[in-house]
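> Got a structure here, written out as C-alpha coordinates. Questions coming.
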Amino acid sequence: MMTERIDAHHHLWRYDPAEYPWISDEMSILRRDFAPEDLLTDAKSSAVSGFVAVQASQSLEETWALLRAAEAHPAICGVVGWAPLISPDLNRILPTIANHPRLKGIRHIVQDEPDPDYILREDFNRGVRELRPYHLVYDILIFERHLPQTIEFVDRHPDQVFVLDHIAKPKIRDGEISPWRERFRDLTRRPNVYCKLSGLVTEAKASWTEQELQPFIEIAIDAFTPQRIMFGSDWPVCLLAASYERWVEVVESSIGRLSPTEQARIWSGTAREAYRLQ
(Lines give C-alpha, C1' and ligand atoms only; values in the text may rest on other atoms or scores of the structure.)
Protein backbone atom coordinates (compact mmCIF):
# COMPACT_ATOMS: atom_id res chain seq x y z
CA MET A 1 0.00 0.00 0.00
CA MET A 2 1.38 3.41 -1.02
CA THR A 3 2.26 5.70 1.87
CA GLU A 4 0.23 8.91 1.96
CA ARG A 5 2.21 11.85 0.61
CA ILE A 6 1.57 15.48 1.52
CA ASP A 7 3.44 18.32 -0.12
CA ALA A 8 3.81 20.77 2.77
CA HIS A 9 5.17 23.63 0.68
CA HIS A 10 4.01 24.85 -2.70
CA HIS A 11 2.81 28.13 -4.19
CA LEU A 12 -0.01 29.29 -6.47
CA TRP A 13 -0.35 32.67 -8.12
CA ARG A 14 -1.80 34.81 -10.85
CA TYR A 15 1.38 36.44 -12.04
CA ASP A 16 1.68 40.19 -11.66
CA PRO A 17 5.19 41.73 -11.62
CA ALA A 18 4.11 44.30 -9.06
CA GLU A 19 2.74 41.60 -6.77
CA TYR A 20 5.76 39.29 -7.11
CA PRO A 21 8.80 41.57 -7.46
CA TRP A 22 11.15 38.82 -6.23
CA ILE A 23 10.62 36.95 -9.53
CA SER A 24 13.60 38.38 -11.40
CA ASP A 25 14.43 38.45 -15.11
CA GLU A 26 16.48 35.29 -14.59
CA MET A 27 13.32 33.51 -13.40
CA SER A 28 11.32 33.92 -16.61
CA ILE A 29 9.91 30.38 -16.29
CA LEU A 30 7.96 31.61 -13.24
CA ARG A 31 6.48 34.65 -14.96
CA ARG A 32 3.09 33.11 -15.64
CA ASP A 33 0.06 31.91 -13.71
CA PHE A 34 0.32 28.74 -11.65
CA ALA A 35 -3.08 27.30 -10.81
CA PRO A 36 -4.17 24.29 -8.71
CA GLU A 37 -4.79 22.31 -11.88
CA ASP A 38 -1.14 22.80 -12.91
CA LEU A 39 0.03 21.59 -9.51
CA LEU A 40 -2.17 18.52 -9.52
CA THR A 41 -0.96 17.61 -12.99
CA ASP A 42 2.73 17.93 -12.05
CA ALA A 43 2.31 16.02 -8.77
CA LYS A 44 0.15 13.19 -10.08
CA SER A 45 2.99 10.94 -11.24
CA SER A 46 4.65 11.26 -7.82
CA ALA A 47 1.59 10.00 -5.91
CA VAL A 48 1.28 13.19 -3.86
CA SER A 49 -2.33 13.63 -2.80
CA GLY A 50 -2.36 16.42 -0.22
CA PHE A 51 -0.98 19.95 -0.35
CA VAL A 52 -0.23 22.97 1.83
CA ALA A 53 -0.26 26.21 -0.15
CA VAL A 54 2.20 28.85 1.10
CA GLN A 55 2.16 32.59 0.54
CA ALA A 56 4.57 34.13 -1.98
CA SER A 57 3.27 37.70 -1.80
CA GLN A 58 2.96 40.01 1.19
CA SER A 59 -0.74 40.62 0.67
CA LEU A 60 -4.05 39.65 2.21
CA GLU A 61 -5.46 39.43 -1.30
CA GLU A 62 -3.19 36.49 -2.09
CA THR A 63 -4.04 34.84 1.23
CA TRP A 64 -7.73 35.00 0.36
CA ALA A 65 -6.98 33.65 -3.11
CA LEU A 66 -5.19 30.65 -1.58
CA LEU A 67 -8.08 30.04 0.80
CA ARG A 68 -10.55 30.14 -2.09
CA ALA A 69 -8.35 27.66 -3.98
CA ALA A 70 -8.43 25.37 -0.94
CA GLU A 71 -12.22 25.61 -0.81
CA ALA A 72 -12.45 24.62 -4.47
CA HIS A 73 -9.84 21.85 -4.32
CA PRO A 74 -10.09 19.48 -1.33
CA ALA A 75 -6.54 18.22 -1.97
CA ILE A 76 -5.28 21.61 -0.70
CA CYS A 77 -5.72 20.74 2.95
CA GLY A 78 -3.98 23.77 4.40
CA VAL A 79 -2.84 27.32 3.70
CA VAL A 80 0.06 29.29 5.17
CA GLY A 81 -0.93 32.85 4.41
CA TRP A 82 0.36 36.32 5.16
CA ALA A 83 -0.83 38.88 7.68
CA PRO A 84 0.54 42.33 8.55
CA LEU A 85 2.20 41.19 11.78
CA ILE A 86 3.71 44.61 12.56
CA SER A 87 0.45 46.48 12.00
CA PRO A 88 -1.19 48.11 15.02
CA ASP A 89 -4.47 46.91 13.48
CA LEU A 90 -3.44 43.24 13.50
CA ASN A 91 -5.92 42.33 16.25
CA ARG A 92 -8.69 43.56 13.96
CA ILE A 93 -7.31 42.10 10.72
CA LEU A 94 -6.17 38.67 11.88
CA PRO A 95 -9.60 37.29 12.87
CA THR A 96 -10.91 37.94 9.35
CA ILE A 97 -8.65 35.16 8.03
CA ALA A 98 -7.74 33.17 11.14
CA ASN A 99 -11.18 31.64 11.55
CA HIS A 100 -11.08 30.06 8.09
CA PRO A 101 -10.73 26.29 8.65
CA ARG A 102 -8.06 25.90 5.96
CA LEU A 103 -5.75 28.61 7.33
CA LYS A 104 -3.04 26.76 9.25
CA GLY A 105 -0.22 29.25 9.49
CA ILE A 106 1.27 32.66 8.72
CA ARG A 107 4.54 33.55 7.02
CA HIS A 108 6.47 36.76 6.40
CA ILE A 109 9.35 36.80 3.90
CA VAL A 110 12.01 37.67 6.46
CA GLN A 111 14.87 36.72 4.13
CA ASP A 112 14.16 39.74 1.93
CA GLU A 113 14.08 42.31 4.73
CA PRO A 114 17.04 44.75 4.57
CA ASP A 115 17.32 44.69 8.35
CA PRO A 116 19.15 41.47 9.36
CA ASP A 117 17.51 41.74 12.79
CA TYR A 118 13.97 42.17 11.47
CA ILE A 119 12.86 38.94 13.13
CA LEU A 120 13.79 40.45 16.52
CA ARG A 121 11.72 43.61 16.13
CA GLU A 122 9.38 44.13 19.05
CA ASP A 123 6.37 44.91 16.84
CA PHE A 124 7.02 41.77 14.77
CA ASN A 125 7.28 39.63 17.90
CA ARG A 126 4.13 41.19 19.28
CA GLY A 127 2.37 40.14 16.08
CA VAL A 128 3.68 36.58 16.30
CA ARG A 129 2.30 36.35 19.84
CA GLU A 130 -1.16 37.01 18.40
CA LEU A 131 -1.06 33.71 16.46
CA ARG A 132 -1.27 31.32 19.40
CA PRO A 133 -4.94 31.88 20.34
CA TYR A 134 -5.84 30.81 16.80
CA HIS A 135 -3.51 27.76 16.86
CA LEU A 136 -1.65 29.14 13.86
CA VAL A 137 1.85 27.98 12.99
CA TYR A 138 4.50 30.52 12.02
CA ASP A 139 6.65 29.55 9.01
CA ILE A 140 10.23 30.85 9.18
CA LEU A 141 11.78 31.84 5.84
CA ILE A 142 15.42 32.86 6.24
CA PHE A 143 18.91 32.42 4.85
CA GLU A 144 21.46 30.52 6.91
CA ARG A 145 23.05 33.79 8.01
CA HIS A 146 19.87 34.61 9.94
CA LEU A 147 20.05 31.50 12.15
CA PRO A 148 21.55 33.25 15.22
CA GLN A 149 18.72 35.82 15.25
CA THR A 150 16.19 33.07 14.56
CA ILE A 151 17.31 31.04 17.57
CA GLU A 152 16.86 34.11 19.77
CA PHE A 153 13.46 34.72 18.16
CA VAL A 154 12.25 31.16 18.78
CA ASP A 155 13.40 31.33 22.38
CA ARG A 156 11.07 34.29 22.92
CA HIS A 157 8.08 32.07 21.96
CA PRO A 158 8.50 28.67 23.65
CA ASP A 159 4.80 27.82 23.24
CA GLN A 160 4.49 28.82 19.59
CA VAL A 161 4.78 26.15 16.87
CA PHE A 162 7.31 27.05 14.18
CA VAL A 163 8.13 25.46 10.83
CA LEU A 164 11.53 26.23 9.32
CA ASP A 165 11.34 26.46 5.53
CA HIS A 166 13.98 25.04 3.18
CA ILE A 167 16.32 23.89 6.00
CA ALA A 168 17.30 27.57 6.44
CA LYS A 169 18.76 27.85 2.94
CA PRO A 170 22.38 26.77 3.43
CA LYS A 171 25.08 27.71 0.92
CA ILE A 172 24.78 24.51 -1.08
CA ARG A 173 26.18 25.95 -4.30
CA ASP A 174 29.37 26.90 -2.44
CA GLY A 175 29.54 23.58 -0.62
CA GLU A 176 29.74 25.38 2.74
CA ILE A 177 28.52 23.13 5.55
CA SER A 178 29.70 25.39 8.38
CA PRO A 179 28.56 27.47 10.17
CA TRP A 180 25.11 26.40 8.93
CA ARG A 181 25.47 22.89 10.39
CA GLU A 182 26.32 24.05 13.90
CA ARG A 183 23.68 26.78 14.04
CA PHE A 184 21.08 24.51 12.46
CA ARG A 185 21.70 21.81 15.04
CA ASP A 186 21.42 24.40 17.78
CA LEU A 187 17.98 25.39 16.49
CA THR A 188 16.83 21.76 16.51
CA ARG A 189 17.19 21.71 20.29
CA ARG A 190 13.97 23.75 20.44
CA PRO A 191 11.20 21.11 20.45
CA ASN A 192 8.56 23.54 19.14
CA VAL A 193 10.33 23.81 15.74
CA TYR A 194 9.63 21.57 12.74
CA CYS A 195 11.51 21.69 9.44
CA LYS A 196 10.71 21.33 5.74
CA LEU A 197 12.88 19.25 3.46
CA SER A 198 12.36 21.58 0.53
CA GLY A 199 13.98 24.31 -1.52
CA LEU A 200 17.39 22.68 -1.79
CA VAL A 201 17.72 22.45 -5.57
CA THR A 202 17.40 26.21 -6.03
CA GLU A 203 20.16 26.80 -3.48
CA ALA A 204 22.50 24.50 -5.42
CA LYS A 205 24.37 25.02 -8.70
CA ALA A 206 22.36 24.76 -11.90
CA SER A 207 24.21 21.52 -12.63
CA TRP A 208 23.52 20.07 -9.16
CA THR A 209 23.86 16.39 -8.37
CA GLU A 210 22.28 14.27 -5.66
CA GLN A 211 25.73 13.76 -4.16
CA GLU A 212 26.07 17.52 -3.57
CA LEU A 213 22.70 17.68 -1.82
CA GLN A 214 23.12 14.60 0.34
CA PRO A 215 25.29 16.04 3.15
CA PHE A 216 22.73 18.79 3.76
CA ILE A 217 19.77 16.39 3.60
CA GLU A 218 21.42 13.94 5.99
CA ILE A 219 22.29 16.65 8.51
CA ALA A 220 18.72 17.97 8.40
CA ILE A 221 17.15 14.54 8.93
CA ASP A 222 19.60 13.45 11.60
CA ALA A 223 19.27 16.75 13.49
CA PHE A 224 15.49 17.12 13.45
CA THR A 225 14.77 13.36 13.12
CA PRO A 226 11.83 12.16 11.02
CA GLN A 227 9.50 13.20 13.84
CA ARG A 228 10.03 16.86 12.92
CA ILE A 229 10.93 16.76 9.20
CA MET A 230 8.33 17.07 6.44
CA PHE A 231 8.44 16.87 2.65
CA GLY A 232 7.86 19.98 0.56
CA SER A 233 8.34 20.60 -3.16
CA ASP A 234 8.62 24.41 -3.29
CA TRP A 235 6.76 24.12 -6.62
CA PRO A 236 6.76 26.04 -8.93
CA VAL A 237 9.98 27.69 -7.70
CA CYS A 238 11.69 24.29 -7.87
CA LEU A 239 11.13 24.33 -11.63
CA LEU A 240 14.09 26.70 -11.87
CA ALA A 241 16.31 23.70 -11.11
CA ALA A 242 14.26 20.49 -11.22
CA SER A 243 10.91 19.05 -12.15
CA TYR A 244 8.44 18.11 -9.42
CA GLU A 245 9.03 14.44 -10.18
CA ARG A 246 12.82 14.79 -10.03
CA TRP A 247 12.76 16.37 -6.57
CA VAL A 248 10.46 13.62 -5.30
CA GLU A 249 12.94 11.06 -6.64
CA VAL A 250 15.74 12.75 -4.69
CA VAL A 251 13.70 12.60 -1.49
CA GLU A 252 12.77 8.96 -2.11
CA SER A 253 16.44 8.09 -2.53
CA SER A 254 17.54 10.15 0.47
CA ILE A 255 15.11 8.64 2.96
CA GLY A 256 15.27 5.10 1.61
CA ARG A 257 17.59 4.08 4.47
CA LEU A 258 14.89 4.89 7.02
CA SER A 259 12.24 2.53 8.33
CA PRO A 260 8.78 2.56 6.68
CA THR A 261 7.40 4.29 9.78
CA GLU A 262 10.04 7.04 9.61
CA GLN A 263 9.49 7.51 5.88
CA ALA A 264 5.74 7.83 6.41
CA ARG A 265 6.39 10.45 9.03
CA ILE A 266 8.40 12.58 6.57
CA TRP A 267 5.93 12.10 3.71
CA SER A 268 2.84 13.05 5.69
CA GLY A 269 2.80 12.47 9.43
CA THR A 270 4.91 15.45 10.42
CA ALA A 271 2.91 17.85 8.25
CA ARG A 272 -0.38 16.55 9.64
CA GLU A 273 0.85 17.06 13.20
CA ALA A 274 2.53 20.45 12.76
CA TYR A 275 -0.30 22.05 10.75
CA ARG A 276 -3.13 20.15 12.46
CA LEU A 277 -4.39 18.92 9.10
CA GLN A 278 -7.71 17.12 8.98
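> Is there any pair linking a residue in the stretch 117-136 that is in a helix (DSSP H, G or I) to one that is loosely packed, with under 15 Cβ neighbours inside 10 Å and basic (Lys, Arg), with Cβ under 9 Å and at least six apart or on different chains, and which?
Between residues of the stretch 117-136 that are in a helix (DSSP H, G or I) and residues that are loosely packed, with under 15 Cβ neighbours inside 10 Å and basic (Lys, Arg), the close pairs are 120/156; 125/156; 128/156; 129/156.
> If only one of 85, 67 is surrounded by 13 or more Cβ atoms within 10 Å (Cβ to Cβ), touching a Lys or Arg at 6+ places or on another chain (Cβ under 9 Å) and assigned to a loop (DSSP other than H, G, I, E, B), which one is it?
Just one listed residue meets the conditions, 85.
> Contact list please: Cβ distance under 6 Å, first residue in the stretch 158-184 and farther than 17 Å from residue 80 by Cα and of a type outside the set (Ser, Thr, Tyr), second residue at pLDDT 95 or above and assigned to a loop (DSSP other than H, G, I, E, B), pairs at least six apart or on different chains.
So the pair list comes out as 168/142; 169/143; 172/204; 173/204; 180/170.
> Considering only residues that are modelled with pLDDT of 95 or more and either surrounded by fewer than 21 Cβ atoms within 10 Å (Cβ to Cβ) or in contact with a Gly (Cβ under 9 Å, 6 or more places away or on another chain) (or both), which ones fall in the stretch 205-220? Outline the logic, then answer.
Keep residues of the stretch 205-220 that are modelled with pLDDT of 95 or more, which gives 208-220.
The answer is 208, 209, 210, 211, 212, 213, 214, 215, 217, 218, 219.
> Take residue 246 and tell me if it is among the charged types (D, E, K, R), out of contact with any strand residue (DSSP E or B) (no Cβ under 9 Å at 6 or more places or on another chain) and either assigned to a loop (DSSP other than H, G, I, E, B) or crowded, with 16+ Cβ neighbours inside 10 Å (or both).
no
> Can I ask one more? Residues being among the hydroxyl-bearing types (Ser, Thr, Tyr) and closer than 20 Å to residue 98 by Cβ: count how many of those fall in the stretch 254-278. Quick ask: steps written out before the conclusion?
From the stretch 254-278, those among the hydroxyl-bearing types (Ser, Thr, Tyr) are 254, 259, 261, 268, 270, 275; that's our starting set.
Okay, now just the ones that are also closer than 20 Å to residue 98 by Cβ, so 275.
The qualifying residues number 1.
> Test residue 262 against the criterion of being surrounded by 15 or more Cβ atoms within 10 Å (Cβ to Cβ), at pLDDT 95 or above and in contact with a Pro (Cβ under 6 Å, 6 or more places away or on another chain), and give yes or no. Show your work before the answer.
Values: surrounded by 15 or more Cβ atoms within 10 Å (Cβ to Cβ): yes; at pLDDT 95 or above: yes; in contact with a Pro (Cβ under 6 Å, 6 or more places away or on another chain): yes.
For residue 262, the condition - surrounded by 15 or more Cβ atoms within 10 Å (Cβ to Cβ), at pLDDT 95 or above and in contact with a Pro (Cβ under 6 Å, 6 or more places away or on another chain) - is met.
> What pairs can you find where one residue is in the stretch 62-78 and within 19 Å of residue 106 (Cβ to Cβ), the other is surrounded by 15 or more Cβ atoms within 10 Å (Cβ to Cβ) and modelled with pLDDT under 95, and their Cβ atoms are less than 8 Å apart, with a gap of 6+ or different chains?
62/19
> Within the stretch 96-116, which residues are out of contact with any Gly (no Cβ under 9 Å at 6 or more places or on another chain), more than 18 Å from residue 183 (Cβ to Cβ) and in a helix (DSSP H, G or I)?
Within the stretch 96-116, 96, 98, 112 meet the criteria.
> Okay, next question. Determine whether the stretch 256-265 contains at least one residue that is acidic (Asp, Glu), in contact (Cβ under 8 Å) with a residue 40 or more places away in the chain and at negative phi.
no
The values are calculated or read from the model by the stated rules, or taken from the named source; none is laboratory data. Here the structure is a predicted model, which is why all the values come from computation and not from measurement. When we count neighbours, we look across all protein chains shown, and the Cβ atoms used for this are built from the backbone with ideal geometry, even at glycine.
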